[in-house]
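Novice: Here's a structure for you.
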Amino acid sequence: MDNLNVNKHISGQFNAELDHVRNQIMAMGGLVEQQLVDALSLLNRPDAELVNKVIKTDSKVNSFEVDIDEECTRIIAKRQPAASDLRIVMAVIKTIADLERIGDAAESIARMVERNMDKPIKASLVSLEHLGRHTAKMLHDVLDAFARMDVDIAWKVHQEDRKVDKEYERLIRELMTYMMEDPRSIPQVLDALNAARAIERVGDRCQNIAEYIIYFVRGKDIRHLAGDEVEKLL
């Protein structure tokens with residue numbers, strides 16, 4: 001086999017490995033998305049069986065992270081990728097870390113519901129559910145952007161996080177007011193505050209993934225750039 005054919009063979013193997021990693025991360029993303037949707041549904045309809053499902057799913061998410069991380073490490077060691085090939089591997093490594101933390105947030109919500117199964121949290125429940133739906137939509141969209149490596153969708157998701165932050169701030173004020181008006185609600189409201197924080201962090205994680213997509217496609221780190229500077233790169 002001449003050098004040209006050897007290079008083509010190696011390149012073909014590398015591309016197949018990258019495709020496998022990308023398929024794995026989409027499978028992980030789909031699992032995390034369903035875990036989050038299930039956790040959010042518990043806020044309205046507490047269910048012990050679904051609580052257990054969300055909590056058990058977290059171990060599957062963790063296994064995905066470990067397996068994909070190991071595969072990426074092996075690819076770097078074996079293939080020594082450069083330029084855009086290295087960027088996609090790094091984007092995957094960072095993305096799976098954020099997906100794992102979104103899974104942790106879903107588990108946190110489920111455990112909060114479990115603690116309050118006999119005394120459902122009613123304080124600002126509508127606002128908490130709305131915030132959750134907002135971040136779940138961000139997760140769905142950023143996974144779509146990752147599958148396509150679409151910077152336009154990624155940038156839209158990135159901008160949505162500011163809306164989530166404002167919604168979160170309003171919710172915190174509502175919960176604090178509720179707690180002051182009815183001191184007996186303090187334990188439940190504190191749990192609601194923790195759930196709200198976990199949901200808000202999902203938005204942050206989605207924003208991070210959007211940044212990794214833009215970094216891979218454009219080769220630019222946008223974390224510290226103003227919005228108008230980023231738009232010039234897209």
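The values are calculated or read from the model by the stated rules, or taken from the named source; none is laboratory data. This structure is a prediction, so every number in the text was calculated from the model and none was measured. Every residue, glycine as well, gets a Cβ built from its backbone with ideal geometry; the counts of neighbours run over all protein chains shown. Calculation scope for accessible area: heavy atoms of the full protein, side chains included, ligands and nucleic acids excluded. Shrake-Rupley method; radii C 1.70, N 1.55, O 1.52, S 1.80 Å.
Novice: Ignoring ligands, DNA and RNA, please state the percent of accessible area on the chain from carbon and sulfur, probe 1.4 Å.
Specialist: Working: 6180 of 12210 Å².
Of the solvent-accessible surface of the chain, carbon and sulfur hold 51 percent.
Novice: Here is a further query. Excluding ligands, DNA and RNA, what is the solvent-accessible area per residue of the chain at a probe of 1.4 Å, expressed in Å²?
Specialist: Working: 12210 Å² over 234 residues.
With the other protein chains kept in place, the chain gives 52 Å² per residue.
Novice: Positive end of the dipole of the stretch 79-164, charges at C-beta (+1 Lys, Arg; -1 Asp, Glu), about the Cα centre: which of HIS134, PHE146, ALA97 has its Cα farthest in that direction?
Specialist: Towards the positive end, the residue furthest out is HIS134.
Novice: Please give the contour-minus-distance gain from SER59 to ALA147: 0.36 nm per residue of separation, less the Cα-Cα distance, rounded to one decimal in nm.
Specialist: On the way: separation 88, 0.36 × 88 = 31.68 nm, distance 2.37 nm.
Length difference between fully extended and current span is 29.3 nm.
Novice: Here's a follow-up. Under the 0.36 nm per residue contour assumption, what length would be gained going from the current alpha-carbon distance of ASP67 and ASN52 to full extension?
Specialist: On the way: separation 15, 0.36 × 15 = 5.40 nm, distance 2.35 nm.
Working it through step by step, the gained length comes to 3.0 nm.
Novice: Now, a different point. Which whole-angstrom value gives the distance between the alpha carbon centres of the stretch 125-181 and the stretch 86-109?
Specialist: 17
Novice: Ranked from highest to lowest mean number of other Cβ atoms within 10 Å per residue, what is the order of the peptides 129-138, 31-40? Intermediate values should be presented prior to the final figure.
Specialist: Details: 129-138: 19.7, 31-40: 22.0.
The packing order, highest mean first, is 31-40, 129-138.
Novice: Under a straight-distance cross-link criterion of Cα-Cα below 12 Å, which aspartates and glutamates are reachable from LYS166, leaving out those fewer than 8 residues away in the same chain?
Specialist: Straight-line reach from LYS166, under 12 Å: GLU200.
Novice: Would you kindly state how much longer the chain becomes between ILE186 and HIS20 on full extension, computed as 0.36 nm times their sequence separation minus their alpha carbon distance, in nm to one decimal?
Specialist: Working: separation 166, 0.36 × 166 = 59.76 nm, distance 4.82 nm.
Roughly 54.9 nm would be gained on extension.
Novice: Could you size up the charge dipole of the stretch 28-176 around its Cα centre, putting +1 on the beta carbon of Lys and Arg and -1 on that of Asp and Glu, and report it in debye to the nearest 20?
Specialist: Values: 23 positive and 28 negative charges, 48 e Å.
With Lys and Arg at +1 and Asp and Glu at -1, about 240 debye.
Novice: Per residue of the stretch 47-61, what does 6.51 cos²θ - 1.76 cosθ + 1.60 with θ = phi - 60° give for ³J(HN,Hα)? Whole Hz please, x for Gly and Pro, Karplus curve as stated.
Specialist: Running phi through 6.51 cos²θ - 1.76 cosθ + 1.60 with θ = phi - 60° gives 8, 4, 5, 5, 4, 5, 4, 4, 5, 5, 4, 4, 5, 5, 4 Hz.
Novice: Next question, about the same structure. What residue among MET28, LEU43, LEU86 has its Cα farthest toward the positive end of the dipole of the chain, where the charges are +1 on Lys, Arg and -1 on Asp, Glu, each on the Cβ?
Specialist: LEU86
Novice: Too long at a 20 Å Cα-Cα cut-off: which of LYS60/LYS119; LYS53/LYS163; LYS60/LYS137; LYS60/LYS94? Mind dumping the intermediate values first?
Specialist: Working: LYS60/LYS119 29 Å; LYS53/LYS163 30 Å; LYS60/LYS137 22 Å; LYS60/LYS94 18 Å.
Long pairs (Cα-Cα over 20 Å): LYS60/LYS119; LYS53/LYS163; LYS60/LYS137.
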